[in-house]
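Each remark here refers to the structure printed beneath this line.
The values are calculated or read from the model by the stated rules, or taken from the named source; none is laboratory data. None of these values were measured; they are calculated from a predicted model. Quick reminder, even Gly has a Cβ in these numbers, built from the backbone with ideal geometry, and neighbours come from all protein chains shown.
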Amino acid sequence: MFMKHPQPLAARPLTPEILDLLRKELGHEAVLTDPALLGEHGGDESGLCIPPQAVIKAHTTEQVAHLLRLANEHGFPVTPRGGGTGLAGGCVPVQGGVVLTLGEMNRILSIDESNMLAVVQPGVLNQDLKDAAKAVGLCYPPDPASLDTSTIGGNAATNAGGPACVKYGVTRQYVLGLTVVLPSGEIVRTGGRTRKNVVGYDLTQLMVGSEGTLGVITELTLRLIPHPAAVQAMAVVFPDLTVAMQAVTGLLLSGCTPSALEFLDSKCLHLVGDLLPFGDMGESAAMLLIETDGEEAQVQREMERISALCRKMGALHLLPAEDEGRREELWTVRRQVSVRIHDTWAVYVPEDVAVPIGRIAELVRELPELEQRYGVSIYAFGHSGDGNIHLNITATDRENMKPVGNCVEEVLKRVVAKQGTISGEHGIGFVKKVFLPWEIDKKSIEIQRGMKHLFDPNMVLNPGKLFLEGEEDS
Ligand SMILES: Cc1cc2nc3c(=O)[nH]c(=O)nc-3n(C[C@H](O)[C@H](O)[C@H](O)COP(=O)(O)OP(=O)(O)OC[C@H]3O[C@@H](n4cnc5c(N)ncnc54)[C@H](O)[C@@H]3O)c2cc1C
């Protein structure tokens, strides 16, 4: 549950006349106003929910373009929505108007094996693309934990990442070309089908991570890679997080390229320790979940090397997964952390900060002092290979919202002071925009606001996101 939301902005209502016009122009069946459906399309996983006045289910690029032209003529907001799994309120229609869902545009248009490319509509679920690529021996690596429910369009709009990033990078690295409907209703095609392209400004990469504020993505051309033949996983327990993080740096410096390098701090480990066969691991123990992939023999060699390095660097226990079933069990341990936190605490704020890899332990070491000062419990886990830490700040009841909020602010300040970022994955959306000026300097914000204005002078596309209103952040 998120607690610190900026105030929703003044709504820019759709008048009954505009609703009638939308029905006339886009078709009666396209414009949905059933209250239950509006409720379902008003929120995301941040906990913020503001029902729109209408939901429009997109089916074609031209229909999206038509809607945005009407939005410009009549001044109503349009908020794009994929799977609604966002954690920053990005798809929440904070100024009312229309929610444009892309979930029905969910066809994989082609998988081009010889060029290792996929062309997809934005509503394709991440897992569906992975499955289709795997069926022909290819792989689409980006793997947000929400892969069963989040869309490729939403993944591109938020530049989603996951455990595989440490080896394969984030969504951005796989987007070669886009069809985008600009806020004006004009359609542009950016990039293409080549792996290299330096012609002009890179509009493709500008759109990736722009959180639905600069354009609506209606088609994506994506890079695929050969599917790894083999994969192996291992859980490694260290006496404490400092030693575990030294091992992370040591592994990366030694030239190992794990395909996942996740960590659980001692608090998380206690929460899920019953799922592991180690018995008492000690108060301060921390765990790494390490995975390698590639050719069978190479994977075997790399795992042996990683095991030896971990032992040398102070590992207490090594638990290699002997088969696919065991490997899945190890990932269950990792996934159960979030589930158990959610089950245990009435209030939890999931922050997704990132710091330079060498500073993870330093940040985590400061958490007990913050727990004491604010009367909260903080769980740290996540993608140690990327320095991306999921910090869940928790409390027993809603009475404690204020100290939780104060603690979040202190954590974010410390992260920025450590040359980190307030969001490694989830984005700014609505709920984090008050913190944007903490990380980005005035001039950069001014340039970004200018870009938004250039693309969307009438502020019809996903208004109220990323930047504070007025001059508060400048
Ligand atoms: C359980 C859980 C686990 C998660 N794990 C991860 C993780 O490991 N890594 C990670 O990065 N994130 C994670 N997330 C966050 C979330 O899943 C990602 O941000 C995801 O990429 C959002 O995709 P979506 O389709 O749900 O988009 P939505 O939530 O619908 O929208 C997100 C943003 O994208 C915009 N948008 C959506 N579709 C389009 C489009 N076609 N064109 C333009 N803009 C669009 C929206 O306006 C909004 O700003 C997790 C969330 C949950 C609930």
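Values as computed for the structure displayed
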| quantity | calculated |
| --- | --- |
| Every residue from the stretch 252-262 that is buried (at least 20 other Cβ atoms within 10 Å of the Cβ) and either at pLDDT below 95 or among the small types (Gly, Ala, Ser) (or both) | SER259, ALA260 |
| Tally, over the stretch 13-27, of residues that are surrounded by 11 or more Cβ atoms within 10 Å (Cβ to Cβ) and part of a helix (DSSP H, G or I) | 8 |
| Residue ID - nearest to the chain's Cα centre (by Cα), chosen from residues in the stretch 28-71 that are surrounded by fewer than 17 Cβ atoms within 10 Å (Cβ to Cβ) and of a type in the set (Val, Ile, Thr) | THR60 |
| In the stretch 310-334, the residues that are outside any helix (DSSP H, G or I) and among the acidic types (Asp, Glu) | GLU322, ASP323 |
| Output for the stretch 36-76, where each listed residue is out of contact with any helix residue (DSSP H, G or I) (no Cβ under 8 Å at 6 or more places or on another chain), polar (S, T, N, Q) and not in a helix (DSSP H, G or I) | SER46, THR60 |
| Answer residue from the stretch 77-88, given it is out of contact with any helix residue (DSSP H, G or I) (no Cβ under 6 Å at 6 or more places or on another chain) and not in a strand (DSSP E or B) and is surrounded by the most Cβ atoms within 10 Å (Cβ to Cβ) among those | GLY86 |
| Failed criterion for GLN95 (all others in (1) out of contact with any helix residue (DSSP H, G or I) (no Cβ under 8 Å at 6 or more places or on another chain); (2) closer than 18 Å to HIS426 by Cα; (3) not hydrophobic (A, V, I, L, M, F, W, C) hold) | (2) |
| Test: residue in the stretch 296-309 that is assigned to a strand (DSSP E or B), more than 28 Å from GLU45 (Cα to Cα) and touching a residue at least 24 places away in the same chain (Cβ under 8 Å) | no |
| Meets criteria (under 25 Å from VAL166 (Cα atoms), of a type in the set (A, V, I, L, M) and either more than 20 Å from the chain's Cα centre (by Cα) or more than 8 Å from the ligand (Cβ to nearest atom) (or both)) for MET105 | no |
| Counted residues, the stretch 90-102 - those being within 8 Å of the ligand (Cβ to nearest atom) and either within 16 Å of the chain's Cα centre (by Cα) or free of Cβ contacts under 8 Å to residues at least 24 places away in the same chain (or both) | 2 |
| Sole exception among (1) surrounded by 22 or more Cβ atoms within 10 Å (Cβ to Cβ); (2) in contact (Cβ under 8 Å) with a residue 24 or more places away in the chain for THR190, by number | (2) |
